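The values are calculated or read from the model by the stated rules, or taken from the named source; none is laboratory data. In this text, all values refer to a predicted model and were calculated from it rather than measured experimentally. Because the Cβ atoms are built from the backbone with ideal geometry, glycine has one as well, and the counts that use them run over all protein chains shown. Note: accessible area is taken over every heavy atom of the protein model, side chains too, but ligands, DNA and RNA are not part of it. Shrake-Rupley method; radii C 1.70, N 1.55, O 1.52, S 1.80 Å.
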Amino acid sequence: MLFRQFVDDDLGCASYLIGDEKAGEALVVDPAYAIEQYLEEAERRGAQIVRTLETHTHADHVSGHGRLALEHGVPVSIHPAGEAEYPFDPLADGDLVEIGAVAIRVLHTPGHRPEHCCFAVIDRSRGDDPWLVLTGDSLLVGSSARPDLAVEAVDGARDLHRSLRSLLELGDGVEVYPGHVAGSLCGAQMSSKASTTIGFERRFNHAVSEDEQAFVSETSSSSAPRPPNMDRIVTLNRGPFLAAPEPLSALEDAGDAVVVDVRSREAFGAGHAPGALNVPVTDSRFPTKAAFVIPDGAHVALHATTDADAERAARGLRAVGILELDGRLLDPPAGELLQGLELDDLERLLAEGEVTVLDVREKDERDEGYIAGSRNIPYRLVRAWADDLRAAQPLVTICSSGSRAAIAASVLAAEGIEARPVIHGGVSDWAERGGDTVAFRRCGS
């Protein structure tokens with residue numbers, strides 16, 4: 001049996017190549033838009049990709065099923081409740097998809113989305129029982145998927161609870177390979193582990209042990225942000241097949257495009273193009289962070305240190321539905337500065353009463369402790385508050401490490417607001433050095 005898991009660490013998404021090496025055939029489950037990885041692995045294993053299976057219509061990343069169909073003639077299978085607008089073979093609960101000696105049993109498991117299906121994989125050379133199950137966005141390692149992205153949260157939670165209970169009918173030894181790991185916005189409190197077993201989750205996963213009422217109450221009240229570009233990504237994934245992107249071209253100037261500077265925050269601070277946004281490609285979760293701050297529908301011009309960094313950034317942006325990439329700037333102007341601060345600088349400025357501290361973490365992070373007198377607006381929302389923040393300038397942005405603080409400061413600077421980021425360290429480091437912080441508990445917590 002051929003089996004390979006692919007994990008996109010930036011998005012926390014997992015996809016799979018499954019097949020029968022003897023038969024020389026394989027299929028891909030939940031492919032990313034960058035399909036080259038599956039083609040290369042299939043070629044290395046001497047197999048031809050003959051089908052794409054989608055667990056559901058994804059909301060956090062662009063699927064590669066269109067590219068596989070257009071470039072390689074690979075058909076797509078998905079449950080009809082997904083209302084796909086492209087040609088597809090419908091999946092139904094109990095169906096078997098066979099690849100040589102490998103059989104994949106379809107388990108309809110609504111909750112995250114109405115069309116959601118899991119796939120129990122049977123290697124008939126070993127026996128007739130499944131030895132692994134691909135759970136997509138249902139059962140996750142140590143957690144469960146969100147029920148609020150496609151339907152009313154309470155209705156989705158009830159369906160999801162029933163689906164999770166049905167998965168527990170599989171044997172304890174069945175291996176579980178989810179569609180998401182830590183870093184995804186399609187679930188909460190996920191483990192960074194890439195797999196688990198039914199038995200382990202039955203014993204240790206709080207989500208599968210709760211009764212329905214408790215599960216619905218807990219999972220339907222999430223305040224976690226939705227994936228950026230969610231509606232657009234769903235439209236792309238449900239709509240006509242999306243072809244391969246055009247190569248990234250060289251640009252002499254940005255024109256009307258938004259400049260996204262993917263260099264380090266230190267390099268950005270030392271000089272950058274006017275109005276540029278700084279989202280370093282080497283930081284964790286680059287695609288998600290960038291998608292939160294790039295204006296909807298904007299054309300993008302990339303400023304990168306190397307061709308490789310530009311291509312990596314382009315790949316990440318396309319993965320989250322940002323397809324209007326005009327190219328890479330070759331020699332952009334670098335006349336604007338954004339001087340970063342250290343915690344010592346912040347301490348001095350606060351003592352002098354010269355700045356407003358803007359905590360750009362999420363509210364659950366802030367609840368664990370924040371700098372006294374600071375304001376809280378998550379980095380992904382600061383543009384919407386720009387007019388209000390003008391009266392509070394000069395601002396110092398801070399997060400947990402410097403990454404989001406630098407992004408937020410670049411967004412505010414592009415709006416003409418005086419803001420400087422703490423680029424090394426964050427609120428916890430401030431507390432450890434004896435800085436004044438406040439702990440906060442919400443009602444009922």
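Miscellaneous remarks
- Area of residue 45 that stays accessible when all protein chains are in place (1.4 Å probe, Å², to 10): 50 Å²
- Length-normalised contact order for segment 9-66 - Cα pairs under 8 Å, 6+ apart - percent: 37 percent
- Gap separating the Cα centres of segment 343-368 and segment 67-121, nearest whole Å: 49 Å
- Within the shell of other residues whose beta carbon sits under 9 angstrom from the beta carbon of residue 31, the net charge comes to -1, with Lys and Arg scored +1 and Asp and Glu -1.
- The modelled label-to-label distance between residue 44 and residue 386, using points 7 Å beyond Cα along the C-beta direction, is 4.5 nm.
- 14 Å reach of a label modelled at residue 22, 7 Å along Cα-to-Cβ, counting backbone N of segment 83-123: 99-103, 123
- Accessible area per residue for segment 311-445 is 47 Å², calculated with a 1.4 Å probe on protein heavy atoms, without ligands, DNA or RNA.
- Mean separation of Cα contacts under 8 Å, 6 or more apart, over the residue count of the chain: relative contact order %: 11 percent
- Estimated purely from DSSP H runs of n ≥ 4, each contributing -39500 (n - 2.57), the mean residue ellipticity at 222 nm for the chain is -7500 deg cm²/dmol once divided by its residues.
- Heavy-atom surface analysis with a 1.4 Å probe gives segment 298-436 a carbon and sulfur content of 45 percent of its accessible area.
- Note on segment 27-129: antiparallel DSSP beta bridges, both residues inside, total approximately 65 percent of the bridges counted.
- Stretching the chain fully between residue 166 and residue 244 yields a gain of 24.3 nm (0.36 nm per residue, less the alpha carbon separation).
- Here the gap between residue 432 and residue 348, fully extended at 0.36 nm per residue and compared with their Cα-Cα distance, gives a gain of 28.6 nm.
- Computed from the C-beta positions of residue 131 and residue 203, the FRET efficiency with R₀ = 22 Å rounds to 0.70.
- Taking 0.36 nm per residue of separation and subtracting the current Cα-Cα distance, fully stretching the chain between residue 284 and residue 9 would add 98.2 nm.
- The 1.4 Å probe gives accessible areas that order 356, 288, largest first, as 356, 288.
- Local net charge near residue 119, Cβ-Cβ under 12 Å (Lys/Arg +1, Asp/Glu -1): -2
- Accessible area of residue 374 (1.4 Å probe, protein heavy atoms only, ligands and nucleic acids ignored): about 10 Å².
- (i) 1.05; (ii) 0.96; (iii) 1.38, with the label sought being that of the calculated Cα Rg over 2.2 N^0.38 Å: (i)
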